[in-house]
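Undergrad: Structure in structure tokens, see below.
The values are calculated or read from the model by the stated rules, or taken from the named source; none is laboratory data. Here the structure is a predicted model, which is why all the values come from computation and not from measurement. FYI the Cβ positions are ideal-geometry reconstructions off the backbone, even for glycines, and counts take in every protein chain you see. What goes into the accessible areas is simple: the full protein's heavy atoms, side chains included, and nothing from ligands, DNA or RNA. Shrake-Rupley method; radii C 1.70, N 1.55, O 1.52, S 1.80 Å.
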Amino acid sequence: VGRRLISDELARKGARADVTGPDRHGAEPALTKREHDILRSLSLGGTNKDIAKALCISEKTVKCHLNSVFRKLQVTRRVQAVLYAADRGWGASLDRT
């Protein structure tokens with residue numbers, strides 16, 4: 001906890017440029033508790049396999065949840081999802097439930 005997952009240089013090179021804000025109505029996306037768990041594990045650097053093992057679910061289920069998270073956050077990459085959460089102060093704990 002508290003370690004950097006990406007370098008300042010990567011962030012400056014436009015990783016944030018592809019991250020969109022709230023939906024067109026200005027509301028933050030509503031993630032389920034499991035999606036928060038997945039995003040928390042992702043922000044800690046977990047692979048799909050690591051996340052599946054930690055949450056006692058299959059890797060396929062992790063992928064399904066990640067696709068849902070990406071859709072709701074309007075991102076296409078893992079690093080974008082982590083940056084989205086970090087930009088909103090969700091941090092590794094993601095205690096937004």
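Undergrad: Looking at S68, S58, S41, which one is of a type in the set (G, A, S) and open to solvent by 30 Å² or more (accessible area, probe 1.4 Å)?
TA: S58
Undergrad: Now for a different question. Could you tell me which of the residues G46, G26 is part of a loop (DSSP other than H, G, I, E, B), more than 15 Å from A85 (Cβ to Cβ) and modelled with pLDDT of 50 or more?
TA: G26
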